[in-house]
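What follows is a short report on a single structure.
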Amino acid sequence: MIYFDNAATTQMSSVALDALMDVSQNNYGNPSSLYNTGRRARGILEESRKIIANCIGALPEEIYFTSCGTESDNWAISQCVNQNVERLISSQVEHHAVLNAIEKYCGDEIETILLPVDRKCNIDKNALIKSLDGRKSFVSIMFQNNETGVIQPIKEMAKIVHNDNPDSTFHTDAVQAVGHTQIDVNELGIDMLSASAHKFNGPKGIGFLYVRKNISLVPLIAGGGQERGNRAGTESVAAIYSMAKALEENIIKQESIQKKVSKLEKILFNELDRSEVNYCVNGDLKRRACGVINISIEDVDGEGMLHLLDTHDICISTGSACNSESKEPSYVLSAMKLDEERIDSAIRVSLGRFNTEEEVIELVKWIKHFCSVTKSIM
């Protein structure tokens, strides 16, 4: 299999897998138990919290473990009611974990503003400024878009929000960015941040929510007193430790990984150009995360391309994996006001640390083949 859908999920690293198996087999105690096995598990849990906090410039007590990025987003958005905010501000291109959570928790009770984006997927900062008027707000802006890879100016936006009202909360869905982009929550002015392990070579079914220590928090899940009484349910210590080690490894190797992925990306574009494939990039080239490539290929059906490549055991996508069952066109590309033909011909290729140059060349070979077949039919 040749896998080019790393924005959907990533292959577990050997470091993460070893950590998962070691704790599963040797330290499987319940971290809430008072005997020695439980205390050892508790120690691993708190060690993991420290590792993750260190990776994003946070304090250990500001890290809460969840089941995934979706739960983290839901938990964050649900705080609007608890914090008595007067309005929620987000964007039209957020992940559905945020958009659907806004609909569920805010409804008609809290004023909601979804900021537009331009044709390059940049959120309109002037629209953000105009939407603020000194009232207490909850603002949720995605760090890196999952379909286009475009990174938003989080530091600048957080500053705009806090300058308007220091009591406002700035949350970012950083599921696509954590482990791949240098993040310091204090430097960036982030109050809450969502992350998911399987996006940075960790296991599925585990994530975390960063919450600045002065932010009030109400539990999303009722039950026991885990996570300092804020998130009930017995912690999956093995998955948590695996997540921590995966994140730590990616941060340590970030420079070398980015260098490799950047090289693969250049080879991809060079091969497309050499093969005379007519394509255009969807998203801001100057602010797009390395390795997340959304392109529209002239006179080609994106879904058809996906299925052809699948017959050759090559995995790409046409957008968000969480929205793959929908027959509607990409809401992200639609919000960018791209024309229907460009949207229908779009594919997303997301490169990762385990991809090779040979795989990239093989991908382009079959893309060229599909383009040739399509032209012969037309």
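The values are calculated or read from the model by the stated rules, or taken from the named source; none is laboratory data. Note that the structure is predicted; figures quoted are calculated from it, not measured. Ideal geometry is used to build each Cβ from the backbone, glycine not excepted, and the neighbour counts take in all protein chains shown.
Odds and ends about this structure:
- Within region 164-210, the set of residues being of a type in the set (Gly, Ala, Ser) and not in a strand (DSSP E or B) comprises 168, 174, 177, 179, 189, 197, 202, 205.
- For region 53-63, the condition of being in contact with a strand residue (DSSP E or B) (Cβ under 6 Å, 6 or more places away or on another chain), touching a residue at least 12 places away in the same chain (Cβ under 8 Å) and not small (Gly, Ala, Ser) holds for at least one residue.
- Sole residue being closer than 30 Å to residue 84 by Cβ, surrounded by 14 or more Cβ atoms within 10 Å (Cβ to Cβ) and of a type outside the set (S, T, N, Q), chosen from 198, 171: 171
- Cross-chain or 6+ apart pairs with Cβ under 7 Å, region 289-310 first and within 20 Å of residue 342 (Cβ to Cβ), then assigned to a helix (DSSP H, G or I) and among the polar types (S, T, N, Q): 299/374; 300/374
- Of residues in region 1-52 being in contact (Cβ under 8 Å) with a residue 60 or more places away in the chain and among the hydroxyl-bearing types (Ser, Thr, Tyr), the one farthest from residue 208 (Cα to Cα): 3
- Top-ranked residue of region 217-262 - restricted to ones that are surrounded by fewer than 14 Cβ atoms within 10 Å (Cβ to Cβ) and of a type in the set (A, V, I, L, M), ranked as farthest from residue 57 (Cα to Cα): 222
- Single residue of region 201-216 satisfying the filter (touching a strand residue (DSSP E or B) at 6+ places or on another chain (Cβ under 9 Å) and surrounded by fewer than 22 Cβ atoms within 10 Å (Cβ to Cβ)) that is modelled with the lowest pLDDT: 215
- Lone unmet requirement of (1) surrounded by 14 or more Cβ atoms within 10 Å (Cβ to Cβ); (2) closer than 18 Å to residue 5 by Cα; (3) in contact with a strand residue (DSSP E or B) (Cβ under 8 Å, 6 or more places away or on another chain); (4) modelled with pLDDT under 95 for residue 298: (2)
One line per residue, one yes/no per condition, for (1) free of Cβ contacts under 8 Å to residues at least 12 places away in the same chain; (2) outside the structural domain of residue 157 (by TED's automatic domain parsing); (3) under 30 Å from residue 14 (Cα atoms):
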site: 193; (1), (2), (3): no, no, yes
site: 197; (1), (2), (3): no, no, yes
site: 205; (1), (2), (3): no, no, yes
site: 215; (1), (2), (3): no, no, no
site: 223; (1), (2), (3): yes, no, no
site: 226; (1), (2), (3): no, no, yes
site: 230; (1), (2), (3): no, no, no
site: 235; (1), (2), (3): no, no, yes
site: 239; (1), (2), (3): no, no, yes
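- Filtered by the rule that a residue be of a type in the set (D, E, K, R), under 16 Å from residue 334 (Cβ atoms) and in contact with a Ser or Thr (Cβ under 9 Å, 6 or more places away or on another chain), region 99-123 gives a lone residue, 120.
- Meets criteria (at pLDDT 95 or above, surrounded by 22 or more Cβ atoms within 10 Å (Cβ to Cβ) and more than 16 Å from residue 149 (Cβ to Cβ)) for residue 351: no
- Of all residues making up region 142-151, the number that are surrounded by 24 or more Cβ atoms within 10 Å (Cβ to Cβ) and either out of contact with any His (no Cβ under 7 Å at 6 or more places or on another chain) or of a type in the set (Val, Ile, Thr) (or both): 6
- Residue within region 122-133 that is at positive phi and either outside any helix (DSSP H, G or I) or crowded, with 19+ Cβ neighbours inside 10 Å (or both) present: no
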